[in-house]
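Please read the structure below before turning to the comments.
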Amino acid sequence: MLELNKNSTITINNLKDFITVIYVIIDDIYQKVTPAYIKYRRNIDKAIMSDSEIITLSLVGELLTIDSEKAWFGFSRKNLRDLFPKFCTRTRFHRTRKSLFKVVEVIRKELTSFLNYQHDQVRIIDSMPIPVCAFGRAHFHRSFKPEAAYGKCASKKQTYYGFKLHAVIALDGYISDFILTPADTDDRVAVWDLTAIAPFTTVIGDKGYIGESLALHLKSENHINLVTIKRTNSKVKVSKQFRRMIF
């Protein structure tokens, strides 16, 4: 595997070089962590593109913030033939990509471990809204029913329709874990899933995670210290320096 750690990075200006680096990392981890029943599933020998190639293209598209799979697949098939000589159909690409979701999750966790983030004892926990449509169209939206829900975005003081992303983040910005829930899920509920097998000991959150009973139960059950930014009327004050460091 490439020698890689969070303290030693290089700048890659060429897209194809970047894709090559991503592929090497993904394929190495894929071969290591993917169960045999997936790697050697029925008819895999007839696949035009390998799982590692499909995962690589998917992740690079996400990293480039391209939200249209059709557009990214078309661009790749036209311009990246030297890297991927054989392309399957877009339908096959889409189906395989979806079926490999759990493999991608295992790869992500292995990469987190490889980068030694499990030794960082402090994390920041936060959430953000993921609207699936404009609020005025929510009543007519069908794609994500019944999973999506109405929720409130406190920072913008708005109601939206969709999901909520809950993430645990290292102090240097690396997202070490996340879950997606309906928009009406309380931040304090999501904490339990994000800290169930946590390799860290302290999480720092904003006002959405305030709750004396929550902090006590996290400490006793998951051995996690929850530190929250207090409300303005709280008797316990937090310094401005601490606020700036976190937010």
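Taken together, the values in this text are just the output of simple stated rules run on the coordinates, not laboratory data. Remember, it's a predicted structure, so these values are computed and weren't measured experimentally. We place every Cβ from the backbone using ideal geometry, glycine too, and count neighbours over all the protein chains shown.
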- Query: If contacts are Cα pairs under 8 angstrom and at least 6 residues apart, what is the relative contact order of region 15-114 in percent?
  - Reply: 44 percent
- Item | Radius 15 Å from Cβ of residue 193, net charge of other residues (Lys, Arg +1; Asp, Glu -1) | -2
- Note on the structure: The simple spin-label model distance between residue 192 and residue 179, using points 7 Å out along Cα→Cβ, in nm, is 0.8 nm
- Message: What's the magnitude of the charge dipole for region 117-246 around its Cα centre, counting Lys and Arg as +1 and Asp and Glu as -1 at the beta-carbon? Answer in Debye, nearest 20.
- Response: 780 debye
- Message: Loop by DSSP (not H, G, I, E, B), at most 16 other beta-carbon atoms within 10 Å: where is the longest site-free stretch of the chain for GluC sites (Glu not before Pro)?
- Response: 4-146
- Query: Where a ≥ b ≥ c are the square roots of the eigenvalues of the C-alpha gyration tensor, would you call region 62-146 rounded, which needs a/c under 1.5, or, failing that, prolate if a/b is larger than b/c, or oblate?
  - Reply: oblate
- Note on the structure: Longest principal axis of the chain (C-alpha) makes with the long axis of helix 101-114 (C-alpha) an angle, in degrees to the nearest 10, of 70 degrees
- Note on the structure: P(r) over all Cα-Cα pairs of the chain, 10 Å bins from 0 to the longest distance, whole percent per bin, short to long, reads 6, 24, 29, 26, 12, 3, 0
- Message: Quick check: the angle from helix 51-63's long axis to the longest principal axis of the chain, C-alpha only, nearest 10 degrees?
- Response: 50 degrees
- Task: Sum up the charges of everything whose Cβ sits under 9 Å from the Cβ of residue 49, counting Lys and Arg as +1 and Asp and Glu as -1, but leave residue 49 out.
- Result: 0
- chymotrypsin sites (Phe, Trp or Tyr not before Pro) lying in DSSP loop within region 27-101, provided at most 10 other Cβ fall within 10 Å: 40
- Message: Can you say what percent of the DSSP beta bridges in the chain, counting only those with both residues inside, are antiparallel? Round to 5.
- Response: 75 percent
